[in-house]
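I have placed the structure first, in the form of structure tokens, so that the comments after it can refer back to it.
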Amino acid sequence: MKETELMEPAATGPWPSPDETAKLRERYILPLPGPMYSKPLQIVKGRMQYVFDETGRRYLDAFAGVATVSIGHSHPHFVRKLSEQIGEYLHNPALYLHPSLPRYAERLIAKLKTANPALEACFFTNSGSEANELAALIAKNFTGSHEFVAMRHSYHGRTLMAMALTGQANWRHSMPYVYGVSFAPANYVYRKPDSMDARQFTQWCVGELEDAINASTSGKIAGFYAEPINGVGGVITPEPEYFPGAYEAIKRHGGLFIADEVQTGLGRTGRKFLGIEQWGVKPDIVTMAKGLGNGYPIGAVVTTREIAAAVKGKLHYNTFGGSPAQMAAASAVLDVFDSENLSENAHQVGGYLLGALGKLAERSGCIGEVRGKGLMIGLELVKDKKSKEPAPELALKILDACKERGVLIGKGGMAGNVLRVKPPLCITRQDADAVVAALSESIAGL
Ligand SMILES: Cc1ncc(COP(=O)(O)O)c(C=O)c1O
């Protein structure tokens, strides 16, 4: 049996019922919106693109633990390398040397050469939020400005700075945020005014970005945060001209271009390592997390030597970032990413899936748009294709129905009406067919 062949889950239980776990969770965890689905799902095992509930039922994981599992749940090479390292030496504070840190940094930097050959200085964090927080600190030190522009509908994480950069009311608690963040419109072509075509709307968005800088900042900014294709906000996929135009505007005002690649990095958009490469823009700072560790906590900030020099000699530290275990996990991810040619797979299977979902949209009255690139796909649900009124209640029903058919997908968007399909990068065409069949049957059964 090949290592990656699928096995039925071992009976490592006995497991509590989902109800019992839900009650215990309710008792001890902060009362925030919790598990999805009208009947919560309990997952106790993962193998590659599949997960299993406590009864051993298998589901195709087309949401990858929120776009996080990149090479596959518990990929055998990943498990072996991580276990070996944990058995040997797990935690090394930055006070002492360990070769895994610079070696992995060298490998990651080599992957970013095509995006910007000057990206040569790394720092490792525990999460995407922390990476975005540090990127802001670096940009402020380098530019001497504290003002940023972010995009409406964006999501950059949960620290105070990351929340301040997030352009969605439902992710903002009412409190004083970090000062100095202004917002520019997303290049959300599906919801553009009828009076403009896509090209005019894109030019308008770039103009509005510059207007936001002129009207709401001192005119000299520290940087612009961009998700190359947005994630939580509903997979809003810009026109190819948007980011090159935005880049020029940012540069006219002294800002750094910060690509938040937490979801789009590690080949998810197909063929390119970073999502921003799809748009031909050279980022000054890149932040990554999620897929880098295939579920093991890691974030990364990568910038140029020139920019990094701005924090030279200043203290900055985190306890866990860059640990030998983190580096082993992330190196194993890169091994598999290369040996299994996963960004090509994301391109091939993603293109196939996008095509099939596009056809499904033509047949169904409730899918207003299918968009994305590679294995970063969104389906915007509407009550009526003409009025485009969002249909968040349909999204909930379809998620439930797909789960009953053994396929897990996610949702997002400001109105909660965008289905998100972001599977592990190892899925096959047969899996893609299973996603389309589950969606098609679920919509037919509404
Ligand atoms: C684009 C983007 N940036 C930042 C984050 C925050 O990452 P983390 O949850 O690891 O803090 C996320 C998380 O979903 C994200 O999608």
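Just so you know, all these numbers are worked out from the coordinates, no wet-lab data involved. Everything numeric here is computed off the predicted structure, so don't read it as measured data. Cβ atoms come from the backbone with ideal geometry, glycine included; neighbour counts cover every protein chain shown.
Close amide-amide hydrogen proximity is noted between VAL181 and PHE148, each under 5 Å apart and 5 or more residues distant or on a separate chain (H modeled in the peptide plane; Pro and chain starts excluded). Per-residue extension of 0.36 nm, minus the Cα-Cα distance of SER182 and HIS98, leaves a gain of 26.1 nm for this segment.
For GLU241 and TYR37, the FRET efficiency from 1/(1 + (r/R0)^6), where r spans their Cβ atoms and R0 equals 56 Å, is about 0.90.
Using 0.36 nm times the number of residues separating ALA118 and ARG271, minus their current alpha carbon distance, what extension gain do you get? The partial results should precede the final answer.
Details: separation 153, 0.36 × 153 = 55.08 nm, distance 2.07 nm.
Length gained between ALA118 and ARG271: 53.0 nm.
Taking the Kirkwood radius as Rh and the Cα radius of gyration as Rg, the chain has a ratio of Rg/Rh equal to 0.96. Using the empirical formula 2.2 N^0.38 Å as the baseline, the Cα radius of gyration of region 64-209 reaches a ratio of 1.37. Of all beta bridges that DSSP places with both ends in the chain, some 70 percent have antiparallel geometry. By the count of neighbouring beta-carbon atoms within 10 Å, fewest first, HIS156, HIS75 end up ordered HIS75, HIS156.
Beyond 24 Å in Cα-Cα separation lie the following of the pairs LYS23/LYS422; LYS45/LYS359; LYS23/LYS81; LYS272/LYS312; LYS81/LYS111: LYS23/LYS422; LYS45/LYS359; LYS23/LYS81; LYS272/LYS312.
Could you give the size of the charge dipole of region 80-339 about its Cα centre, using +1 on the Cβ of each K and R and -1 on the Cβ of each D and E, expressed in debye and rounded to the nearest 20? Walk me through the numbers on the way to the answer.
Working: 24 positive and 23 negative charges, 62 e Å.
Magnitude of the dipole: close to 300 debye.
Roughly what % of DSSP beta bridges within region 80-339 run antiparallel, to the nearest 5? If you can, show how the numbers build up before the last one.
Details: 10 of 23 bridges.
Here the share of antiparallel DSSP bridges comes out near 45 percent.
Net charge of the neighbourhood of GLU369, taken over other residues with C-beta under 11 Å away and scored Lys/Arg +1, Asp/Glu -1, is +3.
Across the chain, C-alpha contacts under 8 Å between residues 6 or more apart give a mean separation that, scaled by the residue count, equals a relative contact order of 21 percent.
Amide hydrogen proximity for ILE43: with H placed 1.01 Å from N in the peptide plane, no residue at 5 or more positions away or on another chain lies under 5 Å. Computed from backbone phi, the HN-Hα couplings of region 268-283 come to 4, 7, x, 6, 9, 5, 10, x, 5, 5, 4, 10, x, 10, 8, x Hz, rounded to whole numbers (Karplus: 6.51 cos²θ - 1.76 cosθ + 1.60, θ = phi - 60°; Gly and Pro given as x). Karplus-derived 3J(HN,Hα) values for region 128-135, using 6.51 cos²θ - 1.76 cosθ + 1.60 with θ = phi - 60°, are x, 4, 5, 5, 5, 4, 5, 4 Hz; glycine and proline are entered as x.
Annotation: amide H of GLY265 within the under-5 Å range of GLY275, sequence separation 5 or more or interchain, hydrogens built in the peptide plane.
Mind checking which of LEU375, ILE307, SER74 is farthest towards the positive end of the chain's charge dipole, using Cβ charges of +1 (Lys, Arg) and -1 (Asp, Glu) about the Cα centre? Looking along the dipole axis, the top candidate is ILE307.
In deg cm²/dmol and to the nearest 500, what is the mean residue ellipticity at 222 nm of the chain if only DSSP H runs of at least 4 residues count, each as -39500 (n - 2.57), divided by the residue total?
On the way: 13 runs with 163 residues, N = 446.
Estimated from H runs of four or more residues: -11500 deg cm²/dmol.
Show me, for region 325-340, the HN-Hα J-couplings you get by feeding each phi into the Karplus relation (A = 6.51, B = -1.76, C = 1.60, θ = phi - 60°), rounded to Hz, glycine and proline as x. Values, residue by residue: 5, 4, 5, 5, 4, 5, 5, 4, 4, 5, 3, 6, 3, 6, 5, 9 Hz. Extension gain for VAL44 to ILE109 (0.36 nm times residue separation, less C-alpha to C-alpha distance): 19.9 nm. A simple spin-label model places the labels of GLU389 and ILE29 3.4 nm from each other, with each point 7 Å out along Cα-to-Cβ.
Each Lys and Arg contributes +1 and each Asp and Glu -1, all at the Cβ; summed about the Cα centre of the chain, the dipole is approximately 180 debye.
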